[in-house]
1. Going by what's in this entry, would Gly175 be described as free of Cβ contacts under 8 Å to residues at least 24 places away in the same chain and on the phi > 0 side of the Ramachandran plot?
2. Here is a list: Arg253, Arg292. Which entry is basic (Lys, Arg), within 15 Å of the ligand (Cβ to nearest atom) and in a helix (DSSP H, G or I)?
3. Of Arg68, Arg41, Arg24, which residue is crowded, with 24+ Cβ neighbours inside 10 Å and in contact (Cβ under 8 Å) with a residue 24 or more places away in the chain?
4. Out of the residues in the range 261-278 that are assigned to a strand (DSSP E or B) and touching a Pro at 6+ places or on another chain (Cβ under 9 Å), state the one that is nearest to the ligand (Cβ to nearest atom).
5. Is it true that some residue in the range 37-53 is over 25 Å from Ala114 (Cβ atoms) and of a type in the set (A, V, I, L, M, F, W, C)?
6. Filter the range 353-373 for residues that are of a type in the set (Gly, Ala, Ser) and touching a residue at least 60 places away in the same chain (Cβ under 8 Å); which is farthest from the ligand (Cβ to nearest atom)?
7. Going by what's in this entry, would Thr188 be described as at pLDDT below 95, within 16 Å of the ligand (Cβ to nearest atom) and outside any helix (DSSP H, G or I)?
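The values are calculated or read from the model by the stated rules, or taken from the named source; none is laboratory data. Note that the coordinates shown come from a computational prediction; the quantities given were computed from them, not determined experimentally. Here Cβ is always computed from backbone atoms with ideal geometry, including for glycine, and neighbour counts include all displayed protein chains.
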Amino acid sequence: MSARLTAATLETVPADLVRPAYDRTRLQPGIVHIGPGAFHRAHQAALVDTLLHTDPRWAITAIALRSRETTDALNVQDGLFTLKTVGLGGQTRVIGAIRRAFSAQNDPSGTLEALSAAATRLITLTITEKGYCLGTDGGLEFDHPDILHDLARPDTPRSAIGWLVAGLARRKADGALPPVIMSCDNLTDNGIRLGEAVTRLAHHNDPALAGWIERHVLFPRTMVDAITPASDPAFLDALEGELGVRDEVAVKREVFTSWVIEAADAEAIAVLGEAGAVLTRDVEGHALAKLRVLNGAHSALAWLGLALGHQRVSDAVTDEWLGRETGQLIREEILPGLSAPDGLDLDAYANGVLARFANPAISHLLSQIAWDSSQKLPVRLLGTAEGNLAAGRPVSRLGRAIAAWMRFVVRSARSGTPLTDPLAAELDVAGRAANDDPDSDTARFLSLRAVFPSALILNPLFRDAVACGYREVIALERGARP
Ligand code: CS2
């Protein structure tokens, strides 16, 4: 195996590679990022890398909540990693934006220090839907095991919410200025949800801290977008051939990338705008369109595509029936419930999303999108279903997609393939109990209170759409097309 990518070996990589043209030794730590997974490295870190070319104050301190695999690998590489963008206009670029990396479990005092440091002006998060510990009503779940832990031990928390509260408590005590805290996850009203969760947890032990947070800390809403499949060994090996050095934390994404941030009076937001983020008051419209069209269709494609035996998004969306079905799901059942934000043509946006899914250069596994489906389904599809039912619009295709998720769970339970999902144990029970009867099987899944709100469960039109979809998906598994 070749030497690792490091500050020293960076000199040896091919000359046409794009690399940091700023002096990394002069960077100052302005951003703490929680959750430095592939999406962070491919998305926010890339834009911050652009920013650092003109303003050295915003280097990233990357903190993983638990596993130290990524942060250890980043440290071996002096924080450097490669971003390969694929498709028309793609390039290979070394990103230098991460200056320090560690895990909170491993270095709790370093974590608290970084979160509370006056120099940390922006805290960003990519912790996935489940990282927010929210219930179906969108509020903090006080009986979540990590939140129970953090209530009992506020100084050594486990959840991201607990860490934010601990960092803010220290900052308030130090009299330091409050940071901007920015969720970069696919959640409806992500900033509002995060701000409420942090304030509610703080309130439990320290109402004065909660008041200070409400008055001083900005939690802007964001929309983040860039299709980033997990890096597999084949990609890392091929990249090693191209670079002549080994990069264990390299990432690959499509060329397209977008970061829309709620405009507010804060320098941390303004500088991201100068580096390429879109700042707008109407972030909600952009975020909802992205969540419901792109992420909603992604999940539907994953569950239906897996039922048909496909493995990759590009294969699923170019399947004649499934491609048509996905287009109709978007146009007939998702778009009618959205109002176009300023400057966004929803039809063109939907066509663009479908074209991005079809990009053959992105090998995006449907099984990866199906991770954590119990967390994704409510935010991606159930809000659309509720809106359609209230307005008398159809829900049959939504019902079919939701039923395809149920069948995905049933097939996993029957084949003994463990689900990557915080509800895996409960889902496994429901999957094993299935007997292929559409009414009783779907009723069992619909009774999962952590997924389905009661208004939907009680709606006979919704129940029928899911049961009818369930019958159709069983037929799809057997090779028939509706
Ligand atoms: C995907 C997203 O894995 C998933 O659930 O739907 O990661 C999607 O690729 C991104 O949100 C695109 O911006």
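1. Values: free of Cβ contacts under 8 Å to residues at least 24 places away in the same chain: yes; on the phi > 0 side of the Ramachandran plot: yes.
Yes.
2. Working: Arg253 fails: in a helix (DSSP H, G or I).
That would be Arg292, the only listed residue that is basic (Lys, Arg), within 15 Å of the ligand (Cβ to nearest atom) and in a helix (DSSP H, G or I).
3. Working: Arg68 fails: crowded, with 24+ Cβ neighbours inside 10 Å; Arg24 fails: crowded, with 24+ Cβ neighbours inside 10 Å.
That would be Arg41, the only listed residue that is crowded, with 24+ Cβ neighbours inside 10 Å and in contact (Cβ under 8 Å) with a residue 24 or more places away in the chain.
4. Within the range 261-278, the subset assigned to a strand (DSSP E or B) is 261-262, 278.
Still in the running and touching a Pro at 6+ places or on another chain (Cβ under 9 Å): 261-262.
Numbers: Ile261: 15, Glu262: 18 Å.
Filtering the range 261-278 for residues that are assigned to a strand (DSSP E or B) and touching a Pro at 6+ places or on another chain (Cβ under 9 Å), the one nearest to the ligand (Cβ to nearest atom) comes out as Ile261.
5. Taking the range 37-53 first, the residues over 25 Å from Ala114 (Cβ atoms) are none.
No, the range 37-53 contains no residue that is over 25 Å from Ala114 (Cβ atoms) and of a type in the set (A, V, I, L, M, F, W, C).
6. Restricting attention to the range 353-373, the residues satisfying the condition of being of a type in the set (Gly, Ala, Ser) are 355, 358, 361, 363, 367, 370, 373.
Pick out the ones that are also touching a residue at least 60 places away in the same chain (Cβ under 8 Å) and you get 361, 363, 367, 370, 373.
Numbers: Ala361: 15, Ser363: 13, Ser367: 10, Ala370: 8, Ser373: 9 Å.
Among those that are of a type in the set (Gly, Ala, Ser) and touching a residue at least 60 places away in the same chain (Cβ under 8 Å), it is Ala361.
7. Answer is yes for this residue.
So that you can scan it fast, the table gives a plain yes or no per residue for (1) without any contact (Cβ under 8 Å) to a residue 60 or more places away in the chain; (2) aliphatic (A, V, I, L, M); (3) not assigned by TED's automatic domain parsing to the domain that holds Pro336:
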position: Arg393; (1), (2), (3): no, no, no
position: Ala401; (1), (2), (3): no, yes, no
position: Met406; (1), (2), (3): no, yes, no
position: Ala434; (1), (2), (3): yes, yes, no
position: Pro438; (1), (2), (3): yes, no, no
position: Arg444; (1), (2), (3): yes, no, no
position: Ala450; (1), (2), (3): no, yes, no
position: Val466; (1), (2), (3): no, yes, no
